[in-house]
Amino acid sequence: MAEGSSDWSEKQADEASELMELLRIDVQEKEEDLQDTPERNQAHCSKNVMRKQRHWQRQLAAKKSKRKEEKLRKKFNRESTSPQLSKRVMKAISRERLAEARCSGLKVCVDLSMTHSMSDKEVSRLAAQLRRLYGSNKQALRPFHLFLTDLREDSRLFSECVRMNAGFLHYSMEITQQSCLDIFPAQSLVYLSPDAEQVLERVEQDKVYILGGLVDESIQKTLSLSRAKELGVHVVRLPIDEYMQKKHNGKNFHSKILAINQVLDIMLTLYDTGSWTHALNKWFPQGKGYVVAPHCQDSISHDPLLQRQLPA
């Protein structure tokens, strides 16, 4: 009985020893797991960072590629179009053209003898038109030799031109108190008036063309025609009736009266292209209620730069 009891105690002791050994091993494994956790977390974090870095690098490469393509596109556009000149070069070219025009260009006078009949507001508007007129001539490929005649230094218009137009006294044009008859022979003068019966058919190099220095709303309707008759010179009108027709508008407004700078723009284009259709289509103001006539449309359909809305 005592022996059996002893064997059972030894068996329990062995089992208890095995159980303790298992518990010790389990604790060690858990401790090892706990010790490995920061390293594993660090490895996991490193993978996220590396993935984000790779994504950022791909985005950066895509942006660089896009910028490179944009630079190549702009370079191609620059090379495929005409070279852009600097402002200094453009001014030099303009001065050279104006100097050549003063030697051999078509002569155009602005008759400023009628300003005594104009209000101060109209005089100011005329001064602004003279500025635009000179600007158009300066930018033209074939500028005219301009003359401002009957412009006295003590006049309201002269003072207004100096006040409103920077550099007016240095404009590349002739400013004189003399009349056009004092400068040129009467047989060479052609006066443009909207009230004339005869039409200006073409611009001739040996003629001198006169624009009446008046504002649209000023005084008598036939004042420029009366001035031309007073001078005893040939008088003509632009061929508006021959190349244009009235266009319906809500105000039922139609006018053939143009500012002097608008007349000059038309003449510059005519002189350069030889086409009344192009000149009138490009420069006749749409607000005046006229458009190019249907029978003249074919001559401008080939040139998209000069096209405007035409009547149906």
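The values are calculated or read from the model by the stated rules, or taken from the named source; none is laboratory data. Only a predicted model underlies this, so the values are computations on that prediction, with no experimental measurement involved. For neighbour counting, all protein chains shown are included, and Cβ atoms are generated from backbone atoms with ideal geometry for every residue, glycine included. What goes into the accessible areas is simple: the full protein's heavy atoms, side chains included, and nothing from ligands, DNA or RNA. Shrake-Rupley method; radii C 1.70, N 1.55, O 1.52, S 1.80 Å.
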Stretchable slack from Q53 to A166, in nm (0.36 nm times residue separation minus alpha-carbon distance): 34.6 nm
Between S255 and E153, what is the spin-label point distance in nm, taking each point 7 Å from the Cα along the Cα→C-beta axis? 3.6 nm
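Give me the percent of the accessible area of the range 124-263 that comes from carbon and sulfur atoms, probe 1.4 Å, all protein chains in place.
Details: 3380 of 7250 Å².
Using a 1.4 Å probe with all protein chains present, the range 124-263 comes out at 47 percent carbon and sulfur.
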Taking a ≥ b ≥ c as the square roots of the Cα gyration tensor eigenvalues, with a/c under 1.5 meaning rounded and otherwise prolate when a/b beats b/c, else oblate, which class fits the range 92-204? oblate
Work out how much length I175 to V89 would gain on full extension: take 0.36 nm times their residue separation and subtract the Cα-Cα distance, in nm to one decimal. 28.3 nm
Estimated FRET transfer efficiency (E96, D120; beta-carbon r; R0 35 Å; 0.05): 0.40
Taking the simple approach of a point 7 Å from Cα along Cα-to-Cβ for both H248 and D272, what is their distance in nm? 3.6 nm
Antiparallel DSSP beta bridges within the range 177-275, as percent of all bridges there, nearest 5: 0 percent
Show me, for the range 238-248, the HN-Hα J-couplings you get by feeding each phi into the Karplus relation (A = 6.51, B = -1.76, C = 1.60, θ = phi - 60°), rounded to Hz, glycine and proline as x. 5, x, 5, 5, 7, 10, 10, 9, 5, 10, 5
